[in-house]
1. Among B:Ala187, B:Ala162, which is the only one that is more than 10 Å from every other protein chain (Cβ to nearest Cβ), surrounded by fewer than 21 Cβ atoms within 10 Å (Cβ to Cβ), closer than 30 Å to B:Asp316 by Cβ and not charged (D, E, K, R)?
2. Give me the residue from the stretch A:74-111 that is assigned to a helix (DSSP H, G or I) and small (Gly, Ala, Ser) and, out of that set, nearest to A:Asp290 (Cα to Cα).
3. Please state which one of B:Arg417, B:Arg398 is part of a loop (DSSP other than H, G, I, E, B), under 29 Å from B:Leu453 (Cα atoms) and among the charged types (D, E, K, R).
4. Out of the helices (runs of 4 or more DSSP H) lying entirely within the stretch B:293-393, which hold 2 or more residues that are in contact with a Phe, Trp or Tyr (Cβ under 6 Å, 6 or more places away or on another chain) and more than 14 Å from chain C (Cβ to nearest Cβ)?
5. Give me the residue from the stretch C:94-127 that is without any contact (Cβ under 8 Å) to a residue 40 or more places away in the chain and assigned to a strand (DSSP E or B) and, out of that set, farthest from the chain's Cα centre (by Cα).
6. Do you know which of the residues in the stretch A:158-172 that are more than 16 Å from B:Ser381 (Cα to Cα) and touching a residue at least 60 places away in the same chain (Cβ under 8 Å) is surrounded by the fewest Cβ atoms within 10 Å (Cβ to Cβ)?
7. If you take the residues in the stretch A:384-442 that are free of Cβ contacts under 8 Å to residues at least 40 places away in the same chain and among the hydroxyl-bearing types (Ser, Thr, Tyr), which one is surrounded by the fewest Cβ atoms within 10 Å (Cβ to Cβ)?
8. Among (1) under 30 Å from the mean Cα position of the chain (by Cα); (2) outside any loop (DSSP other than H, G, I, E, B); (3) among the hydrophobic types (A, V, I, L, M, F, W, C), there is one condition A:Leu220 misses while meeting the rest; what is its number?
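The values are calculated or read from the model by the stated rules, or taken from the named source; none is laboratory data. Source: prediction; values computed, not measured. Cβ sites come from the backbone with ideal geometry, for glycine too, and all protein chains shown count toward neighbours.
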Amino acid sequence: MPRSVHKGCDDFRQTSAATRDRWLSSGLTRRQALMGALGGGLTIWANQAMPFGRIFEAAQASAAEAPGARVLLSVFLPGGCDLLDTLPPIGAYGQYADLRGGMELQAPPALGTTGLGIHPSLAEGLNGGVKGLFEAGKIGFMPGIDYANPDLSHFHSRHFWETGLVTERAAPGWLGRWLDHHGSRDNPLQGLSLSSTLSPVLATASAPVAALESPNDVGLDIWGIGGQQERQMRAAWARMSDARVHGDGPEAVHTAARLAKSVGDRLAPYAEHDDVDPLAPPVAYPEDDDLGRRLSRVAALVAQPLGVRLASVDANGEFDTHDNQPTELADSLRSVSQSLAAFQADLEARGVADRVLTLVWSEFGRRPEGNESSGTDHGAGGIAWVQGTHAASGILTEYPSLTALDRDDNLKVTVDFRKVYASLIEGWLGTDANEVIPNANAYGRLALTR
Amino acid sequence: MSAVGVAEAAQAVVADEPVAEAARRRRRARRAARRRHGRRQAHRRARQPSAGSAGWTEAHVRRLFWRAGFGATPVEARRWAKRGKTATLDFVVNGPPGGAQLRGLEPRVDGRTLDPLNEWGDNVLWWLDRMVRTTYPLQEKMTLFWHDHFATSDQDTPMMLAQNRMLRRRALGSFRDLLGDVTRDPAMQLFLSLAGSTKDAPNENFARELMELFTLGTGYSERDVREAARALTGFIADWHDNGTVTIQYEADEHDDGVKTLLGRRGPFGVDDVLDLVVAHPKHAPFLVEKLWSFFVATPPSRETVRALVATYRANDLRIKPLVRAILEHPQLYRKLDAPDLVKCPVVYVAGALRTTGSHIVQGYPTWLLETMGQYPFYPPSVAGWDWGPAWMSSNSMRQRFTLGNYVVNYGRPRVRRGSAPATLTAQEAYELAWRAVAEPQVSPATRAALVHLAAHFFDDLDPDWRDKADWRGEALQATLRHLLLVCPDSQLH
Amino acid sequence: MTEAMVVWRRTVLAGGVLGALLLAALVAAGPADARRQLPTTSVGVGAREYRLAAYRTSVPRGTVRFNLANYGEDGHDLVVRTLGGHELARTGEVRAGRRVTLQLPLAPGTYRLICDLADHEARGMRTTLKVTR
């Protein structure tokens, strides 16, 4: 029997007073999660409760730029992606259909012998799309992922996922913290946010990172000046930013000035000249698709000797399917499938696929019971996956039961996202998870790579 | 000279003639030396235009005007250097007699006047325009300080504009009055859930931030937060159709029991809580240090803090005397030749426009401020923005570089046709550009780099054609003006 | 006779407010000459769960430009109706944190502004706007 509409949003507003007060007493606005970080250098609001100091001594550049260094890409599906329609439990199809009361997928293709199906849109794209990647052993799905006592607000949840902390305070992103420990002091391209603003996942306390849509828009430009005069102008800039100065402020300014030029210089060979795009992909991405375009840039830049280690991309689709889920989710997942399939083929064509692991995630799942608008409201126990030639393949976590729901009638959480983060830090990036995730050992580990 | 003094002097003369004569000779010698010294000083002052009274130079004026406002034009720097430190401080701190005014014409953007209430982005342009045109910059600067200190975000525009006006009214007056108005401010009450906090369900958000962020920092316990929350109950929000809210106080919803708060006991209400927090010994040093760090890049010594705390308390916790004491402090004037405080994005943009005599004519400041990391009316959290070196990153620096394009092409420093022949020497080209962007303070290294640029800007041209290459001369001017506005030196003040 | 589409271009925002600004300019046919002398008045509209606030309660007759900002968590939209319930114009669904502009000429009278997604109107996302002579 369908629930009344937008119960999820109502749940947010009635989230236990304790949870909400704890949240709101944090000083974090509800918009924190939708806000990009501040220009690339989000610093930590001083607070003794935070385990991270303000300044981390950054490691030397050489480690970060070693050829063959592994890359981790975060792909965010904004809005809360519905597990039940992404990987429909065809082994319990009857229960699934009952819960969804008419809007359930009618004949979803089966996903091998897993007992699960897959949304038809995820079979679209090169080589069978995401379904094809799964069948080729390059995808490990993680159903039931979330954190205990989920907060059903987009802003709060997204902030938790971005920082790797169920925290009340502003904090750098979890990948940003990794760079603070293991990144270089002078390569902003080590952390790439493919967007005009820095993704909060990559916000650091001290390590430089870069936000850009394309190599075309990172040069230091003065209107009307080009050619030799532009080179002379940039040389003057380099001279001015090389001055020896004292004090935190002057040093920060001159370092930022040097790095701004450095990003421009290092990406200049890859900017489009005379209609030639040096980063043109060797495979066909979906047309007019922002996600595809950003992923193609990631593949191209990872393949260059630029020292890219971490990257972050947001999908454009609408996953917050309170109404009209059948159409909206189909469209959104189609873009994801086509873009990710092209991305994987691109990496393989460029010969860098072995170095890259992709984590696809969303900030929560959705309610098992449908609502009256052919949609679902915010819930728990969502879907994430790892993708790559070294990704562990299969269904890596326990699919939540459709009958044993939690006390809010949501799917039970079967894996904490921090376990996934800790596993990726140790299993893929090869460093101690405790540096980034507090109490990392409490979450256990999952084999996410092979 | 007092009667006693005359008697003493007379006695000295009578007592010992040879000693007196030697003393007179010494006095004559000293007077002569002073005259010679005075002549040397006069020469030195004459060589420095408008050096003003000793120890108060144009460099001092620029430092003060940047820290207390949005920079000084060359005319202002010269005028106030002559008037001396006290007169300048009086002017800066008190503002013009009759109160703040906005000089010049109201801005027109996209062919229309600003509608800060109804047009997205116009609220930011409206405030920026105030910073550019006000005759009382310190008032706008302090409004910005309080907006960050009592950070409120993400509320409907009518309420944020009303809060802004309140902060401006209270910016330099009594802190306790400001705190009272902030506590009752609708945007703040909604933001921190104080409206709707009732005796049956008291909300601790405001109580916690009141102590942690607004008044004390440390020195209170979780119990104090809970008890303060109880004492602050009773406000409810009364919604109107036009997006504004009136805050009502319902005695029925107020918990009028006895509370134990910061070591005192009583049936405290809202004003009692506010009285208690400002009376707490931690309050004065907390606010003093925060206000100091807004104006000065290096931390104050313990003695300085003690003295400023004493000033603040002696003046009944009024803000203006405290601000004045900071603005007079010698530490603010250290290293006049090497400014060390990073300009926040708002000061950088408003300062570039104000000092060059430019105006708001387009909407670009809105998205530029966002990408630089400081979008007014949207601080990232109740803790406000992170200041100082935190403003800087390769991304924000790229955005700051871009500002130059807009100011040089649409502002007063526009290069006029025919104004910059290619035959100027490198030195002349530099000076012309430097004057056109309000004579910014730059290091010798920066100056050398720009003169070098000017000297080689025509290298690829056939020398015979140089005198016909005015277009190149104008391009050089645009480049020099742009770089002077955005160079690393110009990011500091 | 249609009015010109005003194209607003805006970058995705950092630090404070995110959203792409789209202009959905919908225009109803009408006597062009009369309209040319009439002003365009902007009305800011804030949407959140579950309130719709228009920052002006009345505007003079002419063209009205509604600048809708979604301060909420969920998608919302803006629909302009006559008191009798006849729909005059609408925006598409606007995601949380985003904005859209809706522009149309309005004759004197009173109009309803609502969000017509799900049950939002019933929960309170409704307000009125008066257009004076």
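1. Unique residue meeting the criteria: B:Ala162.
2. Step one: filter the stretch A:74-111 for residues assigned to a helix (DSSP H, G or I), giving A:83-86, A:90-100.
Pick out the ones that are also small (Gly, Ala, Ser) and you get A:91-92, A:94, A:97.
Working: A:Gly91: 35, A:Ala92: 36, A:Gly94: 37, A:Ala97: 33 Å.
By that ranking, first place goes to A:Ala97.
3. B:Arg417
4. Numbers: elements: B:302-314, B:319-328, B:345-355, B:364-372.
Answer list for the stretch B:293-393: B:319-328, B:345-355.
5. Only one residue fits best here, namely C:Gly109.
6. Filtering the stretch A:158-172 for residues more than 16 Å from B:Ser381 (Cα to Cα) gives A:161-162, A:164-166.
Still in the running and touching a residue at least 60 places away in the same chain (Cβ under 8 Å): A:161-162, A:164-165.
Values: A:Trp161: 28, A:Glu162: 27, A:Gly164: 27, A:Leu165: 21.
Among those residues, the one meeting the criterion is A:Leu165.
7. Let us first name the residues in the stretch A:384-442 that are free of Cβ contacts under 8 Å to residues at least 40 places away in the same chain, namely A:401, A:404-407, A:419, A:422-423, A:426-427, A:432-434, A:439-442.
Checking the rest, the ones that are also among the hydroxyl-bearing types (Ser, Thr, Tyr) come to A:401, A:423.
Values: A:Ser401: 16, A:Ser423: 23.
The extreme case among them is A:Ser401.
8. If we test A:Leu220 against (1) under 30 Å from the mean Cα position of the chain (by Cα); (2) outside any loop (DSSP other than H, G, I, E, B); (3) among the hydrophobic types (A, V, I, L, M, F, W, C), just (2) comes out false.
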